[in-house]
Amino acid sequence: MSRVRGALVLFVSLLVSLNVLVGGRAEAAPEGQMTWAVHISLAPTWFDPAETSGIITPFMVLYALHDAVLKPMPGNPMAPSLAEAWSASPDGLSYEFTLRKGVQFHNGDPVTADDVKFSFERYRGTSYKMLRERVSAVEIPEPGRVRFRLKQPWPDFMTFYGTATGAAWIVPKKYVEKVGDEGFKKAPIGAGPYRFVSFTPGVELVLEAFEQYWRKVPNVKRLVLRAIPDEATRLAALKRGEVDIAYAIRGAMAEELQRTPGLTLKPNVGQATQWVYFPEQWDPKSPWHDRRVRLAVNHAIDRPAINRAETLGFSRLTWNIVPPSFEFFWQPPGYPYDPARARQLLAEAGYPKGFDAPEFFCDAASVIAEPIVNYLNAIGIRAKLRPIERAAFFRGYAERKYRGLIQGGSGAFGNAATRIEAFVASGGTYAHGGYPDIDGLFREQAAETDRARREATLQRIQQLIHEKVMFAPMWLLAGLSGRGPRVEESGIGVIPGYAFSAPYEDVKLKAK
């Protein structure tokens with residue numbers, strides 16, 4: 001009997017040593033550190049889902065620190081996460097979510113329906129006005145269930161709530177109410193695969209594996225996101241092994257990376273479109289009010305040349321601010337590079353000698369702003385480059401502080417309607433004006449339950465955007481990242497359309 005008892009004790013010890021978890025999964029404890037060289041300065045605003053802007057950058061942090069009711073994941077653009085199931089009522093006026101049991105925040109508190117309701121009502125990021133206008137109530141019919149009631153059927157509720165905004169990313173109500181919004185940014189607590197350790201402004205964000213994460217135990221113990229805005233410095237750090245992944249390595253440096261033994265160039269064509277925006281097109285006193293001037297810009301830029309020089313030809317010219325992978329995309333005709341035609345258009349508009357733009361505002365990490373300005377100067381549109389750190393740039397863009405020209409862009413999830421809502425329709429987060437015909441069609445499609453009619457309406461909006469020359473579309477950006485020799489799985493490109501590494505719990509270092 002004692003031998004049987006001893007054997008049983010040994011067997012149990014072996015199970016513990018192998019980290020066998022509930023459900024029969026054998027998962028090793030997280031090990032090692034993986035370090036990213038990111039091309040932007042990290043901002044505390046990205047630690048809080050409530051402030052999610054209509055760009056992809058905040059999700060670089062959200063996928064680590066936080067979790068959502070549902071979110072894009074590998075093989076599923078709307079994967080069940082904190083909610084294990086959901087349903088819509090036959091009349092389209094309510095959506096109900098059943099929360100996953102046993103999920104915890106990093107401080108040990110359970111994720112509850114109150115947290116889901118609180119997170120939605122607290123949300124103030126992109127598209128929050130549309131969400132507030134269309135959702136009449138958030139109810140908790142019983143513990144573990146949340147019901148959203150709509151004022152009228154809204155076919156895009158799940159897209160706006162679950163993928164295109166941060167409204168479905170959940171924060172702990174009790175903790176936020178205790179520490180306040182600013183306290184939460186200083187020490188965020190989420191339900192994601194990694195918990196907050198430290199943040200040094202302008203330097204790095206340090207995260208540690210949360211082993212109680214419901215989906216799986218993360219492979220890597222510690223993640224470090226290190227801000228290195230200078231491209232040459234990022235590449236040097238990757239070569240020396242100081243970082244394992246370096247974002248945004250372009251042009252000649254990308255070619256050098258390809259030639260370096262042990263390093264791998266990873267192109268990732270996601271859903272990030274970029275464009276030139278004309279915020280003064282509604283001002284009759286501005287040169288940009290004239291459609292011919294805006295058309296001249298489109299003919300002045302040699303997009304294929306910029307593509308070859310900066311992204312080694314991996315980016316795609318799509319001529320639309322809506323990505324081709326998005327539902328309801330319409331393919332516009334392209335603009336050939338024709339500087340003579342551009343000068344002719346300027347002369348016809350009354351500017352034979354060109355004019356002072358005067359400024360071209362852009363994200364400091366932009367790869368296209370400088371060559372665009374050079375092409376514009378060549379046809380007589382004299383513009384000065386004004387690069388601004390990313391968080392501040394998009395804040396100024398949303399607050400409509402810029403005149404002249406703006407380099408816009410977004411890699412956010414969604415469909416044609418979400419991109420149009422944020423950047424085109426009157427009142428959108430980044431829209432400086434609007435057109436009555438476009439606004440009317442946008443309101444019409446939002447309530448349309450017939451998919452074919454809705455598609456026709458959204459495609460007509462895109463045709464009008466093209467006809468009015470509201471933008472100078474550049475391309476669908478190919479992000480070029482470098483991977484070091486220690487990395488087995490970088491997570492880049494694993495979630496279709498997503499620009500960065502994710503899911504973080506799946507990234508992996510090679511075995512020693």
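Quick note: the coordinates plus some simple rules give every number you see, no bench work behind them. Please read these numbers as outputs of a predicted model, since none were measured by experiment. A quick note on method: Cβ atoms are made from the backbone with ideal geometry, for glycine too, and the neighbour counts reach across all protein chains shown.
Observations on the model:
- Relative contact order (percent, whole number), the range 270-477, Cα cutoff 8 Å, 6+ residue spacing: 35 percent
- The range 270-477, Cα convex hull volume normalised per residue, Å³: 110 Å³
- Of the beta bridges in the chain, as assigned by DSSP with both residues counted there, near 75 percent are antiparallel.
- Cβ-placed point charges (K, R +1; D, E -1), dipole of the range 67-176 about Cα centre in debye, nearest 20: 260 debye
- Compactness of the chain is given as radius of gyration and Dmax, 24.5, 102 Å, from Cα positions.
- Ascending count of other beta-carbon atoms within 10 Å, so fewest first, for 27, 96: 27, 96
- Contact order relative to length of the chain, as percent, for alpha carbon pairs under 8 angstrom and 6 or more apart: 20 percent
- Loop-resident trypsin sites (Lys or Arg not before Pro) (DSSP state other than H, G, I, E or B) in the range 127-174 with no more than 15 further Cβ atoms inside 10 Å of their Cβ: 151.
- Within the chain, helix-based [θ] at 222 nm, where runs of 4 or more DSSP H residues each add -39,500 (n - 2.57), nearest 500: -9000 deg cm²/dmol
- Computed over every Cα-Cα pair of the range 285-364 and binned at 10 Å starting from 0, the pair-distance distribution P(r) comes out as 16, 36, 36, 11, 0 percent.
- Both numbers refer to the Cα atoms of the range 423-512; Rg and Dmax are 20.2, 62 Å.
- Distance between the modelled labels on residue 136 and residue 456, one decimal in nanometres: 3.0 nm (7 Å Cα→Cβ projection).
- Calculated P(r) of the range 67-176 - Cα pairs past 23 Å, %: 20 percent
- Lys/Arg +1, Asp/Glu -1 at C-beta; the chain dipole; positive extreme among 435, 496, 154: 496
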